[in-house]
Amino acid sequence: MKKYISFFRMRFTVGLQYRTAALAGIVTQFVWGFMEIMVFKAFYQADTSAFPMSFSSTASYIWLQQAFLAFFAAWMIENEIFDSIVNGNISYELCRPVNIYNMWFSRSIANRLSRAVLRCFPILIVAIFIPDPYGISTPPGLLHFFLFIITLVLGLAMTVSFCMLVYVLTFFTISPQGLRMLFTSAVEFFAGAVIPLPFFPGTIQNILELLPFASMQNVALRIYSGSMNNSEMKRAIFLQIFWLLAITAIGKLLCKIAEKKICVQGG
């Protein structure tokens, strides 16, 4: 366990050094957040009653999405891992007395967490002072805030587990590009990154909420914005835990199979 904590600490420390990139990301996310809110505002002005969430809740959803983008962005996949598999450097990793899956998992968590630490606080602080209903509002209660923190951590772990599944599947392909495009497109759409899931038609929303993609950012952001009742929150948290265990187990199993059959060419 100590070696994986060491991997986490080293990668987290390295990630905190990219302050200029974080500043550029903060500016980009502010612009994108304002743009999204203005687009939704135009739709709300047409008919407010036609939407399942209040405009204030939607604005909070968007600002939280931008603040914790590093937690849930599907496109923030480590090229270093893909390169090591494709060019054969994975052979050096296999020589180490470590579990590859656990090592990559700890590194990925550290990368996303370091990026979020640098970016989330400026966005949240500014969003709090933006006049209502365009800024971020407080959660409905302490229970919602507590569950938001729990589901935020579960959502981060769920996203990393999905990334790990993509890394492991790369062992069985010639090129990772197809997997990356498919994974990124699916997560961005079905996890609520483009359109919040409550905005989908009822039947489609019910189906999407059962999929593992909904256990990423959807749960935490909707709990904070107050768009879930108690029974919906219980079901969503149960599905988060279920999919996290299932995806992690599948990833570990495929990783063991890949390690036994891997063949490194060249030298």
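The values are calculated or read from the model by the stated rules, or taken from the named source; none is laboratory data. All of these numbers come straight from a predicted model, not from anything done at the bench. These area figures cover heavy atoms from the full protein model, side chains too; ligands, DNA and RNA do not enter into them. Shrake-Rupley method; radii C 1.70, N 1.55, O 1.52, S 1.80 Å.
Tabulated data
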quantity: Gaussian network model of the chain, springs between alpha carbon atoms under 10 Å - residue of Thr151, Thr184, Thr48 with greatest fluctuation; calculated: Thr48
quantity: Accessible area, probe 1.4 Å, largest first, for residues Ile100, Ile130, Ile262; calculated: Ile262, Ile130, Ile100
quantity: Listed residues Met158, Met181, Met38 arranged by accessible area, highest first, probe 1.4 Å; calculated: Met181, Met38, Met158
quantity: Carbon/sulfur fraction of accessible area - the stretch 1-137, other protein chains in place, 1.4 Å, %; calculated: 66
quantity: Residue pairs, from the table Lys2/Lys256; Lys234/Lys256; Lys3/Lys261, whose Cα atoms sit over 24 Å apart; calculated: Lys234/Lys256; Lys3/Lys261
quantity: Accessible area in square angstrom per residue, the chain, 1.4 angstrom probe; calculated: 51
quantity: GNM result for the chain, Cα springs below 10 Å: residue of Gln17, Gln66, Gln29 fluctuating most strongly; calculated: Gln17
quantity: Percent accessible area from carbon and sulfur atoms, the stretch 143-267, protein chains only, probe 1.4 Å; calculated: 72
quantity: Rg over Rh, two decimals, the stretch 1-150 (C-alpha only, Kirkwood Rh); calculated: 1.09
quantity: Using alpha carbons only: equivalent-ellipsoid semi-axes of the stretch 48-121, gyration tensor based, whole Å; calculated: 38, 13, 10
